[in-house]
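The values are calculated or read from the model by the stated rules, or taken from the named source; none is laboratory data. Please read all numbers here as calculations on a predicted model, not as lab measurements. We place every Cβ from the backbone using ideal geometry, glycine too, and count neighbours over all the protein chains shown. Keep in mind that these areas ignore ligands, DNA and RNA; they rest on the heavy atoms of the full protein, side chains included. Shrake-Rupley method; radii C 1.70, N 1.55, O 1.52, S 1.80 Å.
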Amino acid sequence: MIREGIDRLDAILMTHPHADHISGMDDLRNFTYDEPVTVYGNGETLEGIRERFGYFFRKTQRGGGKPKVKLCQVSTPFKAGGLSWIPLPVLHGQLPVLGYRTGRFAYVTDASHIPAGTEGMLAGLDVLVLGALRYRPHETHMNIEQAVSFAERIKPERTWLTHFCHDIEHAKLARELPAGIFPAYDGLKITLKD
Ligand SMILES: [Zn+2]
Ligand SMILES: [Zn+2]
């Protein structure tokens with residue numbers, strides 16, 4: 001975030017409470033000196049944050065050396081950061097995880113199964129960001145083949161695959177993927193159209 005010059009956060013949308021997704025939360029301190037930031041997520045996610053970051057929610061002296069965070073549980077459409085968002089329930093193995101859609105953009109990662117009802121909420125996208133772990137199958141993540149076939153079914157204009165493990169060589173994958181599907185990269189910027 002320093003490299004990308006990000007000095008403001010309007011809202012945080014959490015997918016699930018695994019360490020690779022929430023362990024950076026202590027660094028929110030630098031973004032919340034003045035105003036708290038609201039973190040949206042499902043019940044499991046907020047419970048995970050409360051458990052892991054209990055000190056955020058304990059009363060301390062002014063300042064207190066901790067981020068100011070408000071938690072907001074979501075299961076139906078909500079507004080955050082000036083945009084309307086639709087939570088997208090998916091399964092990460094057995095764990096219920098949320099993806100999110102705003103307008104014609106959607107973000108879904110750490111899914112091994114996307115229920116039919118959620119797939120129905122992913123029609124007509126300009127951009128889909130979709131988690132794909134590796135080539136080999138995995139119990140709790142889509143692999144490249146599953147993610148590509150899902151993207152080809154719902155046909156967003158562009159799909160950015162993300163959340164790769166170290167089996168993936170970025171340039172090689174970029175060459176292998178069908179038209180309209182790309183490997184995402186650090187620093188990728190996506191502009192939302194109205
Ligand atoms: Zn996960
Ligand atoms: Zn993950």
Taking region 32-67 and keeping residues acidic (Asp, Glu) and in a helix (DSSP H, G or I) leaves Glu44, Glu47, Glu51
Looking at region 133-153 only, could you name the residues that are within 16 Å of ligand 2 (Cβ to nearest atom) and surrounded by 14 or more Cβ atoms within 10 Å (Cβ to Cβ)?
Leu133, Arg134, His138, Thr140, His141, Met142, Asn143, Ile144, Gln146, Ala147
Can you confirm whether Gly117 is in a loop (DSSP other than H, G, I, E, B) and either over 18 Å from the mean Cα position of the chain (by Cα) or among the β-branched types (Val, Ile, Thr) (or both)?
no
So is Thr76 within 15 Å of ligand 1 (Cβ to nearest atom), open to solvent by less than 90 Å² (accessible area, probe 1.4 Å), polar (S, T, N, Q) and part of a loop (DSSP other than H, G, I, E, B) or not?
no
Which number in (1) closer than 24 Å to Thr191 by Cα; (2) within 16 Å of ligand 1 (Cβ to nearest atom); (3) open to solvent by less than 80 Å² (accessible area, probe 1.4 Å) marks the one condition that Ile49 misses?
(1)
With the requirement that a residue be open to solvent by 30 Å² or more (accessible area, probe 1.4 Å), within 16 Å of ligand 2 (Cβ to nearest atom) and closer than 25 Å to Pro183 by Cβ, what does region 96-132 give you?
Tyr107, Ser112, His113
Scanning region 173-186 for residues that are open to solvent by 80 Å² or more (accessible area, probe 1.4 Å) and modelled with pLDDT of 95 or more, the one nearest to the chain's Cα centre (by Cα) turns out to be Tyr185
